[in-house]
1. Would you check if there is a residue in segment 99-109 being in contact (Cβ under 8 Å) with a residue 40 or more places away in the chain, touching a strand residue (DSSP E or B) at 6+ places or on another chain (Cβ under 8 Å), part of a loop (DSSP other than H, G, I, E, B) and surrounded by 15 or more Cβ atoms within 10 Å (Cβ to Cβ)?
2. For the structure I just gave you, tell me whether residue 46 is surrounded by 12 or more Cβ atoms within 10 Å (Cβ to Cβ) and either outside any helix (DSSP H, G or I) or touching a residue at least 60 places away in the same chain (Cβ under 8 Å) (or both).
3. Would you check if there is a residue in segment 86-95 being modelled with pLDDT under 95, outside any loop (DSSP other than H, G, I, E, B), more than 16 Å from residue 151 (Cβ to Cβ) and out of contact with any strand residue (DSSP E or B) (no Cβ under 8 Å at 6 or more places or on another chain)?
4. What's the number of the only condition in (1) surrounded by 12 or more Cβ atoms within 10 Å (Cβ to Cβ); (2) under 15 Å from the mean Cα position of the chain (by Cα) that residue 63 fails to meet?
5. Those residues that are over 29 Å from residue 25 (Cβ atoms) and without any contact (Cβ under 8 Å) to a residue 60 or more places away in the chain, I need them from segment 134-175; list them, please.
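The values are calculated or read from the model by the stated rules, or taken from the named source; none is laboratory data. The structure presented is a predicted model; accordingly, all values stated were derived computationally and were not measured. Virtual Cβ from ideal backbone geometry, glycine too; neighbours counted across all protein chains shown.
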């Protein structure tokens with residue numbers, strides 16, 4: 001068994017859940033806000049979209065919309081892939097997110113495929129290499145830690161997105 005096999009299995013399970021929750025996603029679902037304090041995406045006037053963002057997490061923590069969560073998945077996964085591949089990570093404002101459910105599903109599927117390829121091509125020795133993402137370079141973390149973080153972050157984001165979709169579909173005003 002390869003050291004990355006558990007990560008691949010975890011990705012497979014969480015991806016099935018993500019696909020389930022995104023199957024009926026509509027453009028209207030993207031911006032549904034279950035609470036007055038929330039984070040979402042905003043048109044920037046040039047055809048792009050920008051996320052609500054704070055360098056220090058506010059208190060109370062805003063509830064993200066499905067739009068924000070789908071952007072967030074694209075941003076951190078793109079950033080992690082860039083780090084693993086030795087490229088600079090994109091800034092949060094540089095992710096090309098659009099409010100199109102098909103485009104969101106396609107982008108997330110492409111990231112999943114790219115991550116699966118990383119899991120397939122990473123050797124046991126590669127997992128012991130130091131990693132400086134998503135924590136500071138001097139944190140003493142390895143690629144193995146980074147891969148475990150990806151599993152945690154993906155699972156968390158899928159659970160949050162799924163919960164929002166269940167609330168949206170059960171909410172009387174969702175009709």
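1. There is at least one residue in segment 99-109 that is in contact (Cβ under 8 Å) with a residue 40 or more places away in the chain, touching a strand residue (DSSP E or B) at 6+ places or on another chain (Cβ under 8 Å), part of a loop (DSSP other than H, G, I, E, B) and surrounded by 15 or more Cβ atoms within 10 Å (Cβ to Cβ).
2. The answer is no for residue 46.
3. yes
4. (2)
5. Listed by number, the residues that qualify are 135, 136, 137, 138, 139, 140, 141, 142, 143, 145.
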